[in-house]
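Notes to accompany the following structure.
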Amino acid sequence: MAASMPDKLTFKVEWVDPHASLKRYYLLQYYLAPTGNQLELFDIKNHRVFLRKCPYPSVALDDLFIGGKVTIYARQMTIVDYGDLVTQRAVAPVAARTFGLIEASGVSSAGKIIQAINAEGLTVAKLKMVDLSATDARAVGAAPGYAVGLEVVGPDAHAKWAEVAGAVPGCIAAPNAEAGEAAIDKFFGPDGLESAKSNTARVRDCTLCIIKPHIVLRKRLGEVLDAVQNSGLAVTAMQMFDIDMTASEEFLEVYKGVVPEYHSDCEELAGGRFLVIELSGENAVNRFREVAGPHDVEMARKIRPESLRARFGESRIKNAVHATDLDEDGELESEYFFRILSA
């Protein structure tokens, strides 16, 4: 977002309390400071501070747009409105949204395309790989077959995405900004394209890769995805997710009591948006595990310097990617995201 922001931004956020089955509303106050951004939560109904002002580096300024989701201490919250006019006037112009489509001919270059999007100062907020029917393809002006839909967010999003689309074969932009914003719901909404209601996962002879939230936060998603696409395995499904702590713990339950970082791993996965990729091919689990490298980043740099974790990892927790460990878990992990959570 632009540098000329006020010192404090305020948003209304919604949290669905899983125990009480109630929607609870808070004011999220986001403080911008040279020493590091901080946030505070105020309980609207009970008129009290719910979370005192504190640093929270996993919530970035680019995450703060209407419809965006942020996870704060295991609570996944949806931004539903601006909290005041100052915030609306400051954020609305630089949090514009548009729809982008990568059609079949460009899907294999999706990583490079996302790098171009990030280079324009834009963020990918949603991503889903689908198999467009002939009818739906005509509706979006694309060729039938595999395609990747994107929600792109940032200043002047439509014009910048249109510039990228004009320079890269296989990319399609809406004719104008209004159509670009409307197309987001047409693709990602519950009443949108029939083809976009399902994904392309095969859930057989596969392994699972997750490009972790810290990579997305640092706008390195395109780099890592490009490396994954060049791993020698076929990308048969992709979708961006953001999950709560309960789902994160359920997915990683196999590591509970096995690795000492289990709880921290769960917090990282529940900490923001991430990209889930199904990779298919012979001996897929073992092959991609080699591409990913050792869990420990320092070890990876010593013995597998070309691996994904050595190149893009930061620590044992922020180690760039999750890769299926056991042969029998490849289909189970793919099923969890692409059949259960995506249902």
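Modelled spin-label separation between residue 325 and residue 250, with each label point placed 7 Å from Cα along the Cα-to-Cβ direction: 2.1 nm. Of 289, 97, 273, the residue with the greatest mean-square motion in the GNM of the chain, using alpha carbon springs below 10 Å, is 289.
Remark: spin-label model distance residue 143-residue 88 equals 4.5 nm, labels positioned 7 Å along the Cα→Cβ axis.
For the chain, the solvent-accessible area of protein heavy atoms averages 45 Å² per residue (probe radius 1.4 Å; ligands and nucleic acids excluded). Here the stretch 1-75 is treated with +1 on each Lys and Arg Cβ and -1 on each Asp and Glu Cβ, and its dipole about the Cα centre works out to around 280 debye.
With contacts taken as Cα pairs under 8 Å and at least 6 residues apart, the chain reaches a relative contact order of 15 percent. Any idea how far the Cα center of the stretch 1-45 sits from the one of the stretch 232-308, in Å? Going from one Cα centre to the other spans 29 Å. Rounded to whole Å, the principal axis extents of the Cα atoms in the chain read 57, 51, 39, largest first. Taking the chain as a Gaussian network of alpha-carbon nodes connected by springs under 10 Å, the highest mean-square fluctuation of the residues 300, 134, 292 belongs to 134. In percent, rounded to a whole number, the relative contact order of the stretch 168-310 is 27, using alpha-carbon pairs under 8 Å and six or more apart.
Heavy-atom surface analysis with a 1.4 Å probe gives the stretch 132-281 a carbon and sulfur content of 49 percent of its accessible area.
When a/c reaches 1.5 or more, the comparison of a/b and b/c decides; with that in mind, is the stretch 203-343 rounded, prolate or oblate per its Cα gyration tensor? Verdict is rounded for the stretch 203-343.
Please work out the C-alpha center-to-center distance from the stretch 83-97 to the stretch 58-80 and express it in whole Å. A separation of 15 Å, based on Cα centres.
Taking 230, 286, 46 as the candidate residues, the one with maximal mean-square fluctuation in a Gaussian network model of the chain, Cα springs under 10 Å, is 46. Net charge in the neighbourhood of residue 45 (other residues with Cβ under 14 Å of its Cβ; Lys, Arg +1, Asp, Glu -1) is +1.
The values are calculated or read from the model by the stated rules, or taken from the named source; none is laboratory data. Please read all numbers here as calculations on a predicted model, not as lab measurements. Every residue, glycine as well, gets a Cβ built from its backbone with ideal geometry; the counts of neighbours run over all protein chains shown. Surface areas here come from the heavy atoms of the whole protein model, side chains and all, with no ligands, DNA or RNA. Shrake-Rupley method; radii C 1.70, N 1.55, O 1.52, S 1.80 Å.
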